[in-house]
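The values are calculated or read from the model by the stated rules, or taken from the named source; none is laboratory data. Values in this document were obtained by computation on a predicted structure and should not be read as measured data. Neighbour counts are summed over all protein chains in view; Cβ atoms, including those assigned to glycine, are modelled from backbone coordinates with ideal geometry.
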Amino acid sequence: MRVYVPLTLPGLAKAYRTGELGPAPLAAFAVTPGLREWYVSDDIEELEYAALNRAAAASLRLLAGDPGAARRRVVVAVDVPDQQAVVDPDRALDANAVGEVRVGAAAPLAKAAAVHIDAEDAVADVSAAAEALGAADQGDDDARFTVDGAEDHELLWYGVQEIPNLIG
């Protein structure tokens, strides 16, 4: 199963040093039955894109909690055995958990298919969104608009072999 693991650039650097995404359990996003129902599509590419965007939103939350991290969202697409990616049944009705899975083992970085990262031109919007996230969660419409501004930026695709250049 392809899962999308939200990270920050320091998290990507750590994964590169250790050779794995971990420790387990990993929070990730995938094409789950709940995501299929929420997105109402049978197109696997659209569904994977939706899971990637859910992971990008989770990466923004990681950035909000790490003021020292570079203000670029990071998502690693990695293939794991199906049985290792589990949906939490207690969160099945939580709209914030759509597509969320827990991966029960550290994932070897060698199994990663790609790395997705914001372009440099997204940094200002991502930074503002990370700052506004708390207020947006409290219902502030202006803050929500700021957070949505980061979501307007597409993550760029990089091959795993490019990670040293991305973290350097």
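Observations on the model:
- Residue selected from segment 101-127 under the condition under 18 Å from the mean Cα position of the chain (by Cα) and farther than 22 Å from Glu20 by Cα, by the criterion surrounded by the most Cβ atoms within 10 Å (Cβ to Cβ): Val126
- Subset of segment 1-52 [of a type in the set (Ser, Thr, Tyr) and more than 26 Å from Val126 (Cα to Cα)]: Thr18, Thr32, Ser41
- Candidates Val115, Val126: the one that is assigned to a strand (DSSP E or B) and either touching a His at 6+ places or on another chain (Cβ under 9 Å) or within 25 Å of Thr32 (Cα to Cα) (or both) is Val115.
The rows are residues; the columns are (1) in contact (Cβ under 8 Å) with a residue 40 or more places away in the chain; (2) assigned to a helix (DSSP H, G or I); (3) within 25 Å of Ala69 (Cβ to Cβ).
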position	(1), (2), (3)
Val5	yes, no, yes
Pro10	yes, yes, yes
Tyr16	yes, yes, yes
Ala24	yes, no, yes
Phe29	yes, no, yes
Glu37	no, yes, no
Ser41	no, no, no
Leu47	no, yes, no
Asn53	yes, yes, yes
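- Of the residues making up segment 1-41, just one is acidic (Asp, Glu) and touching a helix residue (DSSP H, G or I) at 6+ places or on another chain (Cβ under 8 Å), namely Glu20.
- Tabulated pairs, segment 102-128, first touching a residue at least 24 places away in the same chain (Cβ under 8 Å), second in a loop (DSSP other than H, G, I, E, B) and acidic (Asp, Glu), C-beta under 6 angstrom, 6+ apart or interchain: Val126/Asp118
Okay, residues lined up against (1) on the phi < 0 side of the Ramachandran plot; (2) modelled with pLDDT under 95; (3) of a type outside the set (Lys, Arg):
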residue	(1), (2), (3)
Trp38	yes, yes, yes
Ser41	yes, yes, yes
Glu45	yes, yes, yes
Glu48	yes, no, yes
Ala51	yes, no, yes
Arg61	yes, no, no
Arg72	yes, no, no
Val76	yes, no, yes
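- Within segment 75-100, the set of residues being in contact with a Gly (Cβ under 7 Å, 6 or more places away or on another chain), assigned to a strand (DSSP E or B) and either of a type outside the set (A, V, I, L, M) or buried (at least 19 other Cβ atoms within 10 Å of the Cβ) (or both) is empty.
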